[in-house]
Structures are given as C-alpha cells and as structure tokens.
Amino acid sequence: MANQTIARALEIPGATVHWYDKPDMRKQRKMGHITLVGPSVGVLEARLKSMLKEEGYENPSEVAPRVGIVMGSDSDLSVMKDAAKILNMFGVSNEVRIVSAHRTPELMYTYASSTRERGIQVIIAGAGGAVHLPGMVAALTPFPVIGVPVRASTLDGIDSLLSIVQMPRGVPVATVAVNNATNAGLLAVRILGVGDADLWTRMNQYQEDTRDFVLLKADKLRKDSWEAYLNR
Ligand code: RP5
C-alpha cells in the first residue's frame, strides 16, 4: 500500500487503514489492508468505486457484480440488455454473460454454483424456445432467479413463457412477461432494496416519477381533445 493510497483512503468516509508495520517490505508481501463501512451496500459500492477509480481502476467490472444477467445465446441480447440498462440506471453492479443450458451445461453449472463466492445476489436468466436455463440455475443456487421468456421461435414466445413459468414445486423462478427484461431489472432492484435502504429510496422515487409522468399525460388528455392529443 503506497503512501498516496493511504492518504486517498483516509479521505473516503467510512474507510480505515490497517497498517501492519512490518519491518521490511517485499514484493507481493501484504503490508496492510483497508476496511470500508457504510450505511448500505449501495453507498459502500459507491465508496469502493471511487477508491478504485482513484487507484486507476476505471473498469466498472473491477467491482463485484450484485446481479448476474445470463442468456442462452447472443441473439437474446437485444432483449436482455434492457435489464442491464435498468440496473445501470439504479447504480447496481451487474455482469452480462452467455450461458447456454444445452450447449454449455458445464459452464452453466460452474456459473450457478459460484454465485455466492462471487458476490452475486440475484440472477436474471433469459432464453427462448425450450428454455431450461432459469430453472436449472435456480436448482443450483439458493439466490433468487428471475426468468425472462425471450420471443425467439415461431411460437411467439409462448413456448419460452411456459417453459419458465411451469417450474416444478420447490424450485421457484420469478417469471416476467415475454421480452420484458426491463421488469426483470426492476424486480432485481426491489429484491436488493429489501436490505438496502439507499436502493429502496431510489425505487420509491422511480415509482413516484412514473406516477407523475402518467398524471401529466392524463392531465393533457383531459385538457385537449383526444384528436389533438393523438396529433401532437
Ligand atoms: C436460442 O436458443 C434462444 O434464444 C435461447 O436462448 C437458446 C436456448 O439455448 P440453450 O440454453 O437451450 O442452449 O435460440
């Protein structure tokens, strides 16, 4: 830990430097550590991010993802990106990965069974057709899994929806509407918000903003004729 690192850490609220005071310094030798505390995981993440940024780690992937977004194929990405957009908007760290239940079953196993040690708390899994990814991931981890049925076949997404929603008793998967990865992102934020006051407040604000937006449109329609409203 360089002197500048210690000085910078001391400027971050909630950070404490533990210097071991070892007599000599060697390459790769642990000389100390920094602990970070905060009122919520969200605040903690922001503090950690700011510290890593100061240290030159600009890449957000350096911060452990709290939500894992997985999909069976890159063809699902145009739908699944909406979950990542929502999580980014709420400042929730996430990662986006291709994990195919039928074509890379070993990877699916490794991914799902390593979620805890990697800090992932919620998984959003999307796929189309004969979908097994969300269910299998839910079978492999105790963390909540949200399934996104992707419209990817000739059956208009009904096949994907039924494959995900009809889970056997004992292995729950929260299923959102076909192609609605936005709701999967929002549900993940709500789940995390149960234990994160900062995130809870932001979700509450989001709901108030949504309500105000609808009321604004309702007011406009009330004042104008419906023809004028549609022609705007
Ligand atoms: C693709 O097949 C889909 O959209 C989908 O995600 C995928 C299912 O992949 P597996 O998980 O079954 O390999 O066409």
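Filtered by the rule that a residue be more than 12 Å from the ligand (Cβ to nearest atom) and among the charged types (D, E, K, R), the range 144-162 gives a lone residue, 156.
Taking the criterion of being open to solvent by 70 Å² or more (accessible area, probe 1.4 Å), more than 25 Å from residue 190 (Cα to Cα) and within 9 Å of the ligand (Cβ to nearest atom), would at least one residue in the range 106-120 satisfy it? No: zero hits.
Condition check ((1) in the same structural domain as residue 74 (by TED's automatic domain parsing); (2) farther than 17 Å from residue 80 by Cα) across all residues:
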site	(1), (2)
140	yes, yes
149	yes, no
175	yes, no
200	no, yes
214	no, yes
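Any residue in the range 157-167 that is loosely packed, with under 13 Cβ neighbours inside 10 Å and modelled with pLDDT of 95 or more? Within the range 157-167 (the criterion being loosely packed, with under 13 Cβ neighbours inside 10 Å and modelled with pLDDT of 95 or more), the answer is yes, since at least one residue qualifies. Among the candidates 224, 198, 219, the residue that is touching a helix residue (DSSP H, G or I) at 6+ places or on another chain (Cβ under 8 Å), over 27 Å from residue 98 (Cα atoms) and open to solvent by less than 80 Å² (accessible area, probe 1.4 Å) is uniquely 198.
Scoring residue 100 on the criteria (1) among the hydroxyl-bearing types (Ser, Thr, Tyr); (2) within 16 Å of the ligand (Cβ to nearest atom); (3) under 16 Å from the mean Cα position of the chain (by Cα) leaves a single failure, condition (3). Please verify whether residue 153 is open to solvent by less than 60 Å² (accessible area, probe 1.4 Å) and modelled with pLDDT under 95, treating the condition exactly as stated. Considered against the rule, which asks whether it is open to solvent by less than 60 Å² (accessible area, probe 1.4 Å) and modelled with pLDDT under 95, residue 153 comes out as yes. Taken together, 83, 138 contain a single residue that is within 14 Å of residue 185 (Cα to Cα), modelled with pLDDT of 95 or more and in contact with a strand residue (DSSP E or B) (Cβ under 8 Å, 6 or more places away or on another chain), which is 83.
The values are calculated or read from the model by the stated rules, or taken from the named source; none is laboratory data. This is a predicted model, so every value here is computed, not measured. Ideal geometry is used to build each Cβ from the backbone, glycine not excepted, and the neighbour counts take in all protein chains shown. Each accessible area value is taken on the protein alone, full model and side chains, heavy atoms only, with ligands, DNA and RNA left out. Shrake-Rupley method; radii C 1.70, N 1.55, O 1.52, S 1.80 Å.
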